[in-house]
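What follows is a short report on a single structure.
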Amino acid sequence: MAEETQSSVTSSPSSQALEQFLLLAKTAKGQATVELVKQALSAPGVYVFGELLETDTVSELANGTNAGYLKLLEIFAYGTYSDYKANSSSLPTLTAPQITKLKHLSIVSLAAKSRTISYETLLKELDLSNVRELEDLILEAIYADVFQAKLDQKNAKLEVGCFIGRDIKVDSLEKMMSKLDNWCSNSASVLQLIEEQILRANEMKASRKQAMDKLDKDVVQLKQTMLQVASSEQDHSQLNMTGQGMQQRSSQPKKGIRGSALPLSVTSRFN
């Protein structure tokens, strides 16, 4: 079973390249099956082997003297070059193309754990003696579309962007399902938290709008009150001015009626 991830370049070319071996596996028997496995492990562009492992003829290798080829195929499907080195005494010897392919797959497994891989880690995991060999191997994998990456020679590390999907064991599906369940549970919790935050934000927005509406209403009422007070004061001022004018006019001496009074000087003459 080929692992599908967002980081996969594509698994279609590898699956198509494997198709011919799946057809041959339907009729292959005994040594022919062994040769079929050898060819699949060496064939360019074939990087997934789960379907081949599931065929009856390949599964039958577990019961004979060629069981080592079945274990070797399983390492190419699920393992790394380090796994092969640890069990090489009980496994068939690899050809140069097979070694290169398994090392490419090993880099993919490392990239699945961390997109940034130090040269030190790669040299150790791939059993290489110098950086030149490592960089040549990486470039071969990039040209083969096994992964896309950048060589950071200054900091001695590999920056992997995306990579092909590898096969996964059937018994690993439970672990994967458990991780997916945890992810779904965490996502649901985060979603609920986001919804609560949205609800709280909407409540705050509504409360703020209500406060602003009240403030606007209070401002309008205050303006109206101020206008009323100003108008009242103006009316009162006009009344005061009118009253003062009337008092001034009433305090002025009244003019005498002609013939009714004589000037003081004239009166004094008579006296």
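The values are calculated or read from the model by the stated rules, or taken from the named source; none is laboratory data. For clarity, every value in this text was computed on a predicted model and none was experimentally measured. When we count neighbours, we look across all protein chains shown, and the Cβ atoms used for this are built from the backbone with ideal geometry, even at glycine. Ligands, DNA and RNA are stripped out before the accessible areas are found, and what is left, the full protein with its side chains, is counted by its heavy atoms. Shrake-Rupley method; radii C 1.70, N 1.55, O 1.52, S 1.80 Å.
Inspection of the range 95-103 identifies no residue that is open to solvent by less than 20 Å² (accessible area, probe 1.4 Å), closer than 21 Å to G79 by Cβ and of a type in the set (S, T, Y). Scan the range 142-177 for residues that are open to solvent by less than 70 Å² (accessible area, probe 1.4 Å), outside any loop (DSSP other than H, G, I, E, B) and under 12 Å from I107 (Cα atoms) and the total you get is 8.
Taking the condition of being charged (D, E, K, R) and either touching a Pro at 6+ places or on another chain (Cβ under 7 Å) or under 16 Å from F163 (Cα atoms) (or both), how many residues in the range 97-130 meet it?
Adding up the residues that qualify gives 4.
Only one of the listed residues (L180, L222) is farther than 28 Å from V46 by Cβ, over 31 Å from the mean Cα position of the chain (by Cα), among the hydrophobic types (A, V, I, L, M, F, W, C) and modelled with pLDDT under 90. That residue is L222.
Out of the residues in the range 40-59 that are open to solvent by 20 Å² or more (accessible area, probe 1.4 Å) and assigned to a loop (DSSP other than H, G, I, E, B), which is nearest to S106 (Cα to Cα)? Within the range 40-59, the match that is nearest to S106 (Cα to Cα) is Y47. Look at (1) at pLDDT below 90; (2) hydrophobic (A, V, I, L, M, F, W, C); (3) in a helix (DSSP H, G or I) and you find that A112 fails only one, number (1). As for the range 112-134, it holds no residue that is among the basic types (K, R), open to solvent by less than 40 Å² (accessible area, probe 1.4 Å) and on the phi < 0 side of the Ramachandran plot. What single numbered condition from (1) within 24 Å of Y47 (Cβ to Cβ); (2) in contact with a Ser or Thr (Cβ under 8 Å, 6 or more places away or on another chain); (3) modelled with pLDDT of 95 or more fails to hold for K85? Only one criterion in (1) within 24 Å of Y47 (Cβ to Cβ); (2) in contact with a Ser or Thr (Cβ under 8 Å, 6 or more places away or on another chain); (3) modelled with pLDDT of 95 or more is unmet by K85, namely (2).
V229 meets each of the listed conditions (1) under 60 Å from the mean Cα position of the chain (by Cα); (2) of a type outside the set (K, R); (3) open to solvent by less than 90 Å² (accessible area, probe 1.4 Å) apart from (1). Applying a threshold of 7 Å to beta carbon distances and a minimum spacing of six or more residues, or different chains, the list of pairs starting in the range 60-71 at a residue that is in a loop (DSSP other than H, G, I, E, B) and ending at one that is open to solvent by less than 50 Å² (accessible area, probe 1.4 Å) reads N66/V34.
Looking only at residues of the range 76-94 that are among the hydroxyl-bearing types (S, T, Y) and outside any helix (DSSP H, G or I), we find that the one that is surrounded by the most Cβ atoms within 10 Å (Cβ to Cβ) is T80.
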